[in-house]
Amino acid sequence: MSEWQHVAQELEDAGLLLIQDGNHGEYRPRPDEFDETGTMFIRAADMSGGTLKFDSAQKINQTARARIRKGIGAPLDAILSHKGTVGKVAFAPAGSPSFVCSPQTTFWRSLNHEVIDPRYLYNYLRSDPFISQLRAIEHESDMAAYVSLTQQRRLKVTVPPIVVQRSISGLLGVLDDKIAVNERIATVSLDLAKASYLSANPSRLRTIGDLAQVFDGPHATPKKVTGGPWFLSISSLQGGILELSESAHISEDDFPNWTRRVQPLNGDVLFSYETRLGEAALMPSDIRACLGRRMALLRSADPQVSGALLLHAFLGNSFQEEIKRRTIHGATVDRIPLKELPNWPMLLPPTETLGSLSTALSSFHRSIEHAKRESQTLATLRDTLLPQLMSGRLRVKDAEKIVEDHT
């Protein structure tokens, strides 16, 4: 409803909202000020599926933190990526550790929870009406995709009465809670798979060329579209799991050209051969995709070695050390020499355990895939309901029945 719409700057002027990005220039942390302990430094890469990945975020030391003047995050903030990768949104839950925004992220903070519910604000920032505003202005400059703080403050925010906001947040929270459960299932299944690989006593060396075929990806970037087959990004490779939310789409017309070398199939091991070295993930079933830039795949050539077993051998400490030893350190990026990769050794368990281990690891990864697929269905439902609820076209009571049928 039109009376619910406000410009963000007006809400700031009224003391209801605070919008701040991270420090730029001389106040920004220097490379030597990152440490193993300290304050989380949140970048776009540290946001996935609506959550802040505190476990993998870089940390800045006390010297850098003392210099920071803005972008100091707090629990219940909604975090928006606004530079390079525009439009990722995450929520800082109660009890979040100390963190600051990088120059590519902004926090949106409700200053009056009786007027703007923090979870509703988070939901609004990831809604189509808000994301559409970002898309309309993210390429106004000659720089990479970027929405400045000034531009963000000009964006429109729909603010229904607080009782409506809380009803919407509560309803969508049911879906978010189920998605969170699925994420835990995926994480536990991955941990069990890693433990199973280690307990199988991997001690036998074989070359990659003896185990698998190696396929390279394209060396260019196609025009990206809003739907269609996936154009996989190395950012989607996250510790053994493929996070499709980090990838883009290409058109059906372009798809044959980008799969001319190879089309990823279920069970292929996807990995990065430039930057993000050591990252890999298993290709899920029923996904039409092409390899992105700086990405290659391993396809098992041994019937006893499943893609899941190949993945965990790749992620194992022995092969990760092999990557470090053989990495070519270039002037711009570090890379794996793909032509030499078939000769690299990989550690596998004894022959007599390969079949049973392959079966067990594949089972764990089917659980991961099922959890991820269900989460994607729930996220799609959530994102479909959200704009309808905010506009008043769909009543919360009617939406509750829809959610019940899916949870």
So if I average 1/r over every pair of distinct C-alpha atoms in region 48-178 and take the inverse, what Kirkwood radius in Å does that give? 15.7
Per residue convex hull volume, Cα atoms of region 176-230, in Å³: 149
Inter-centroid distance (Cα atoms) of region 238-288 relative to region 196-210, Å: 24
Could you rank Glu404, Glu138 by how accessible they are, 1.4 Å probe, largest area first? Glu404, Glu138
Quick check on the chain: what are the equivalent-ellipsoid semi-axes from the Cα gyration tensor, as sqrt(5λ), descending, whole Å? 39, 25, 21
Those helices of the chain passing the 24 Å axial Cα length cut-off and the mean Kyte-Doolittle cut-off of 0.5 (DSSP H runs only) are 162-199
Within 14 Å, Cβ to Cβ, of Asp210, how many net charges do the neighbouring residues add up to if Lys/Arg are +1 and Asp/Glu are -1? +2
What does the charge count around His219 come to, taking other residues whose C-beta lies under 11 Å from its C-beta (Lys +1, Arg +1, Asp -1, Glu -1)? +1
The summed charge of the Leu16 Cβ neighbourhood (under 14 Å; Lys/Arg +1, Asp/Glu -1) stands at -3
Debye sum, Cα scatterers, region 286-331, no solvent: what log₁₀ I/I(0) at q = 0.21 1/Å? -0.96
Can you give the FRET efficiency for Ala144 and Asp302, using 1/(1 + (r/R0)^6), R0 = 35 Å, r = Cβ-Cβ distance, to the nearest 0.05? 0.25
Any idea what the alpha-carbon Rg over 2.2 N^0.38 Å comes to for region 262-312? 1.09
Please label the shape of region 181-296 as rounded, prolate or oblate, based on the square roots a ≥ b ≥ c of the eigenvalues of the alpha-carbon gyration tensor (a/c under 1.5 means rounded; beyond that, a/b larger than b/c means prolate, else oblate). oblate
Which value, to two decimals, describes the C-alpha radius of gyration of region 116-174 once divided by 2.2 N^0.38 Å? 1.32
What are the ³J(HN,Hα) values, in whole Hz, obtained from phi via the Karplus relation 6.51 cos²θ - 1.76 cosθ + 1.60 with θ = phi - 60°, for each residue of region 268-277 in sequence order, with x given for Gly and Pro? 5, 9, 8, 8, 9, 10, 9, 6, 5, 5
Can you list the lysines whose alpha carbon is less than 18 Å from that of Lys88, not counting same-chain residues fewer than 8 positions off? Lys53, Lys156, Lys224
For peptides 168-174, 231-237, 299-305, sequence by mean Cβ density within 10 Å, most packed first: 231-237, 168-174, 299-305
Per DSSP H run of n ≥ 4, the term is -39500 (n - 2.57); total these for the chain, divide by its residue number, and report the mean residue ellipticity at 222 nm rounded to 500 deg cm²/dmol. -11500 deg cm²/dmol
Difference of contour (0.36 nm per residue) and Cα-Cα distance, Arg69 to Asn257: 62.8 nm
For region 138-243, the Kirkwood Rh over every pair of distinct alpha carbons, in Å, works out to 20.2
Looking at the chain, send over the antiparallel percent of its DSSP beta bridges, to the nearest 5. 90
At 7 Å along the Cα-to-beta-carbon direction for both Gln5 and Arg206, put a label point, then send me their distance in nm to one decimal. 6.2
GluC sites (Glu not before Pro), restricted to region 18-115: which are DSSP loop and have at most 12 other Cβ atoms within 10 Å? Glu36, Glu114
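Please compute the volume of the convex hull spanned by the alpha-carbon atoms of region 359-400 and report it per residue in Å³.
50
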Please report, in whole Å³, the volume per residue of the convex hull around the C-alpha atoms of region 248-335. 117
Based on the Cα gyration tensor of region 221-275, what are the three equivalent ellipsoid semi-axes, each the root of five times an eigenvalue, rounded to whole Å and given largest first? 19, 13, 11
Rounded to whole Å and sorted largest first, list the principal axis extents of the Cα atoms in region 293-402. 61, 45, 21
Want the number for Asp405 to Leu265: 0.36 nm per residue separation, take away the alpha-carbon distance, what's left? 47.2 nm
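Quick one: dipole size for the chain, taken about the Cα centre, charges +1 on Lys/Arg Cβ and -1 on Asp/Glu Cβ, in debye to the nearest 20.
380
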Quantify how much of the Cα-Cα distance distribution of region 1-69 extends past 21 Å, in percent. 46
Could you sort Asp13, Asp35, Asp117 by their accessible area in this structure, using a 1.4 Å probe and putting the largest first? Asp13, Asp35, Asp117
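The values are calculated or read from the model by the stated rules, or taken from the named source; none is laboratory data. Model, not experiment: these values are computed from the prediction. Reconstructed Cβ throughout: ideal geometry from the backbone, glycine too, with neighbour counts over all protein chains shown. Heavy atoms of the whole protein, side chains included, go into the accessibility calculation; ligands, DNA and RNA do not. Shrake-Rupley method; radii C 1.70, N 1.55, O 1.52, S 1.80 Å.
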